[in-house]
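A.B. asks: Quick one: the structure is below, questions incoming.
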Amino acid sequence: MNVLDLAPVLQRQPNAKSVLIDLLSATGDRQQALFAMAREVRRKHGCDAVKVRGVIEISNFCQKSCEYCALRPQNKKMTRYRMTVDDIIAIAEQVMELGIRTVFMQAGQDPKSDEMVCEVIRRVKARDKDIEVLLNLGEKSEDTYRRYRELGADSYILKFETSSPELYKQIVGTPLEKRLQCARWIKGVGMRLGTGNIIGLPGQTIETLAEDLMLAYDLQPDFMSSSPFIPNEDTPLETLGFGDVDITLNSIAISRILFPTALIPAVSALEKIRPGGQLQGLKAGANVLTVNFTPKDLRDRYSIYSRDRFVVSLDHALRTIADAGLVREGMVALS
Ligand code: 5AD
């Protein structure tokens, strides 16, 4: 197998979808060859250094009703919190002191946190303008995205979750087109865009997963992620099984080949389903790990994947990077 196998996708040819279906289904030696190709693309493009991000989950209020997520307002069992600017800044300081160059703020879709996000962006950038401020706060107006950008925010993750408009509407409750519009606004105001899908939602097929990669290719994101579905307690999808880790790893590897220089995370959901899953993600072409800096009492209430989600520590991230034979971004390899 060689890189040219994905030429029909890169050139948007009619057989692009069948090529993707074939690669998403790869097992055994073919899967290993796919991973090797992804690693080769990553190396050739100088993207082997693993970026470590520090995430702070600043609010678990959410307006949306995504059936896979426990932050949905219908979940009355969840105690809600919204951090203060001072609390967030204190944690951001710790992140930066550990040499982590990306301060990542994540929350449910919570308009009441917009102002405080602006203030945090201002203060982080005033301390060090070279720190990347990354946001994952849901759908906002174009003006709000522009404001974040003008204050210095560098990048924004808004996953489309699934490319099927019917499935998206059914599971998320709002139109996919609205979400894609937001993604275009994010790019339009000058932030780097992260997007991606969940693998294992009810109704998804290998065809729709191939279409997810084609939609991502249309969006040309700077960051791309695929996460396996985790059935989350207190949600309508709580009785389902886990998403398929191997298909997720294949999706990561294909993403690396389609987006050679993109930042691609090995998400904590991989580790939750299969210990060593994040290491496998790095071996499949990922190059980002996100360390969780949310204080423990709040973190327990941000049960985005499940009540006992896998919480990534800096130790775990550094061990995983070393086990993959890679180095952390900004560090010099010891030979
Ligand atoms: N399983 C997998 N991914 C999930 N996300 C949220 N809940 C789940 C779940 N139960 C992902 C979504 C969202 C991101 C913040 O986390 O893709 O965009």
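Here, each number is a calculation from the coordinates, and none is a lab measurement. This structure is a prediction, so every number in the text was calculated from the model and none was measured. With ideal geometry, Cβ positions are generated from the backbone for all residues, glycine too; neighbour counts draw on all protein chains shown.
A.B. asks: Per residue of the chain, what 222 nm ellipticity follows from adding -39500 (n - 2.57) for every DSSP H run with n ≥ 4, rounded to the nearest 500? Walk me through the intermediate numbers first.
C.D. replies: Working: 14 runs with 143 residues, N = 335.
Calculated from helices alone, the mean residue ellipticity at 222 nm is -12500 deg cm²/dmol.
A.B. asks: In addition: So for the pair Asp29, Arg319, with labels modelled 7 Å out along Cα→Cβ, what separation do we get in nm?
C.D. replies: Spacing of the two 7 Å Cα→Cβ label points: 3.5 nm.
A.B. asks: Okay, moving on. For each pair in Lys51/Lys169; Lys140/Lys178; Lys76/Lys112; Lys44/Lys187; Lys159/Lys296, compute the distance between the two Cα atoms and list the pairs where it is over 22 Å.
C.D. replies: Lys51/Lys169; Lys44/Lys187; Lys159/Lys296
A.B. asks: Another one. Can you order the peptides 170-176, 32-38 by their average number of other Cβ atoms within 10 Å per residue, highest first?
C.D. replies: 32-38, 170-176
A.B. asks: What order, most packed first, do the peptides 235-244, 208-217 have when packing is the mean number of other Cβ atoms within 10 Å of each residue?
C.D. replies: 208-217, 235-244
A.B. asks: Still on this structure, I have one more. Report the FRET efficiency, 1/(1 + (r/R0)^6), for Asp22 and Ala90, where r is their Cβ-Cβ distance and R0 is 41 Å, rounded to 0.05. Write out the running numbers ahead of the final one.
C.D. replies: Details: r = 50 Å, r/R0 = 1.21.
So, using R0 = 41 Å, E works out to roughly 0.25.
A.B. asks: Dipole of the stretch 131-267, Cα-centred, from +1 at each Lys and Arg C-beta and -1 at each Asp and Glu C-beta, to the nearest 20 debye? Provide the component values of the computation, followed by the final result.
C.D. replies: Values: 12 positive and 19 negative charges, 112 e Å.
The calculation lands at about 540 debye.
A.B. asks: So, one more: Can you find, among Gly108, Ser25, Ile304, the residue sitting farthest towards the positive end of the charge dipole of the chain, where Lys and Arg contribute +1 and Asp and Glu -1 at Cβ?
C.D. replies: Gly108
A.B. asks: Hey, another quick one. Just Ala153, Ala70, Ala322 to compare: in a GNM of the chain, with alpha carbon springs under 10 Å, which one fluctuates most?
C.D. replies: Evaluated over the chain, the most mobile residue of the options is Ala322.
A.B. asks: Given springs between every Cα pair under 10 Å in a Gaussian network model of the chain, which of Asn60, Asn232, Asn75 has the largest fluctuation?
C.D. replies: Asn75
A.B. asks: Return the whole-Å distance between the Cα centroid of the stretch 1-68 and the Cα centroid of the stretch 115-160.
C.D. replies: 26
A.B. asks: A follow-up question, please. For the modelled label position 7 Å from the Cα of Arg307 along Cα-to-Cβ, which residues of the stretch 207-230 have backbone nitrogen atoms closer than 20 Å?
C.D. replies: Inside the label zone: 230.
A.B. asks: Among Ile56, Asn136, Ala153, which residue has its Cα positioned farthest towards the positive end of the charge dipole of the chain, with +1 placed on the Cβ of Lys and Arg, -1 on the Cβ of Asp and Glu, and the dipole taken about the Cα centre?
C.D. replies: My answer, from the dipole projection, is Ala153.
A.B. asks: Separate question: What is the spin-label model distance, in nm, from Arg43 to Met214 if the labels are put 7 Å beyond Cα along the C-beta direction?
C.D. replies: The two pseudo-label positions are separated by 3.3 nm.
A.B. asks: Another one. Using +1 on the beta carbon of Lys and Arg, -1 on that of Asp and Glu, and nothing else charged, what's the dipole of the chain about the Cα centre, debye to 20?
C.D. replies: Computed charge dipole of the chain: roughly 400 debye.
A.B. asks: In debye, nearest 20, what is the charge dipole magnitude of the stretch 226-293 about its Cα centre with +1 on Lys and Arg Cβ and -1 on Asp and Glu Cβ, if you could check? Can you show the working numbers first?
C.D. replies: Numbers: 4 positive and 6 negative charges, 79 e Å.
Computed about the Cα centre, the dipole is about 380 debye.
A.B. asks: To two decimal places, what compactness ratio does the stretch 177-270 give when its Cα radius of gyration is scaled by 2.2 N^0.38 Å?
C.D. replies: So the Cα radius of gyration is 1.12 times the expected 2.2 N^0.38 Å.
A.B. asks: Another question about this same structure. What's the center-to-center distance, using Cα atoms, between the stretch 292-329 and the stretch 201-273 in Å?
C.D. replies: When both Cα centres are located, 18 Å separates them.
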